[in-house]
């Protein structure tokens, strides 16, 4: 049997999982990511792969493919990792360096694209020709999967949705807050967890986390409710712009803020007026695989047939 190993390389934790021929996770380990240490990160990844392959009984046999989901993306010009909020990775030839450490090929893709691929393969977007996956948490990211393949794009930035401007800005939204990317008014500054918290304070609320704001709204707090109402209307606008460009059958939400149940009813009721169509059949759905989607999507960067040919 051949296996597909996926790694979700995060800023604070790194997860590895192995999928069998059926796509079932048969091994899964999560460890802290070395803080700010590039070489130590490579060492941890190599050690995790060795441990998992030994557990599977394929150590030294190269009977497993390796896929890695990372923050940021590889530059097609230089091959160096860029735009990662785990800044110790930026400016390094991550794929080349890790292949040299392992002595075998690996595939590397943006972590939000891995999330989208997992959900398109056998999750909430199963069977849909075009799936847009959204991560809404500490940051905001997106990934596009078309006919089962990640759309990486000519510049390897498809789809950096969070770093477009919030569309159809309203009074008080322009030019917007500064983003870590150096620009102002990015979708991420409005729809991330910290973005929701900053908006709440800006509109006169007490300093609260996004989780506390959601709980406050559920308990009847008027200011928290107003913050969620602004958030879901902005989410509707931001997703409408995606529908106007790629027209996906399914949009899958992931990340901590995807667990707010009201989005799935309220947002489709708000986005119609921004979508350039007389009918909108795009479905807005919650992810199926939860926090396993990133690592599963990294494993899915190799198809079962490719793994079987090892």
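Which whole-number percent gives the relative contact order of segment 125-287, counting Cα pairs below 8 Å spaced six or more residues apart? Intermediate results must be reported in sequence, preceding the final value.
On the way: 261 pairs, mean separation 40.0, N = 163.
With pairs under 8 Å counted, the relative contact order is 25 percent.
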The distance between the Cα centres of segment 189-236 and segment 153-182, in whole Å, is 19 Å
Say each of residue 50 and residue 12 gets a label point 7 Å from the Cα, pointing the same way as Cα to Cβ; how far apart are those two points in nm? 2.9 nm
Taking every pair of distinct Cα atoms and averaging 1/r, then inverting, what Kirkwood hydrodynamic radius in Å comes out for the chain? 20.1 Å
How much of the DSSP beta bridge set in segment 125-287 is antiparallel, as a percent to the nearest 5? 55 percent
Multiply the residue gap between residue 102 and residue 178 by 0.36 nm, knock off their C-alpha separation, and tell me the result in nm, one decimal place. 23.4 nm
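Note the full-extension length gain between residue 122 and residue 305 as 0.36 nm times their separation in residues minus their Cα-Cα distance, in nm to one decimal.
Going from the current span to full extension adds 64.3 nm.
One-quarter of the Cα convex hull surface for segment 13-158, in nm²?
Numbers: hull surface 35.7 nm².
The directionally averaged projection comes out at 8.9 nm².
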Relative to the chain, whose Cα atoms define the longest principal axis, helix 38-56 and its Cα axis are tilted in degrees, nearest 10, by 60 degrees
Within the chain, what percent of beta bridges assigned by DSSP are antiparallel, to the nearest 5? 60 percent
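How do the peptides 249-256, 22-29 rank, highest first, by the average count of neighbouring beta carbon atoms within 10 Å per residue?
Working: 249-256: 23.2, 22-29: 13.1.
For the peptides 249-256, 22-29, the packing ranking is 249-256, 22-29.
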Of 309, 177, how do they rank once you tally other Cβ atoms within 10 Å and put the fewest first? 309, 177
Helix 193-202 sits at what angle to the longest principal axis of the chain, using alpha carbons and giving 0 to 90 degrees rounded to 10? 20 degrees
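If I stretch the segment between residue 229 and residue 62 completely, what's the gain in nm (0.36 nm per residue apart, minus their alpha carbon distance), one decimal?
Working it through step by step, the gained length comes to 55.0 nm.
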Please state the relative contact order of the chain as a whole percent: Cα pairs under 8 Å, 6+ residues apart? 22 percent
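So how do 190-196, 143-149, 291-297 stack up, highest first, on mean other-Cβ count within 10 Å? Before the final figure, lay out the partial values.
Details: 190-196: 23.1, 143-149: 19.4, 291-297: 26.4.
Highest-to-lowest ranking by the protection proxy: 291-297, 190-196, 143-149.
Averaged across orientations, what area in nm² does the convex hull of the alpha carbons in segment 125-287 project? Walk me through the intermediate numbers first.
Details: hull surface 38.3 nm².
Taking the Cα atoms of segment 125-287, their convex hull projects to 9.6 nm² on average.
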Where the centroid of each part is defined by its Cα atoms, how far is segment 32-110 from segment 264-310 in Å? 25 Å
Quick one: angle between helix 222-246 and the longest Cα principal axis of the chain, in degrees between 0 and 90, rounded to 10, please. 60 degrees
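The numbers here are math on the coordinates, done by the rules we state, and not lab data. Computed from a prediction, not measured in an experiment: that's the story for all the values here. Cβ: placed from backbone, ideal geometry, glycine included. Neighbour counts: every protein chain shown.
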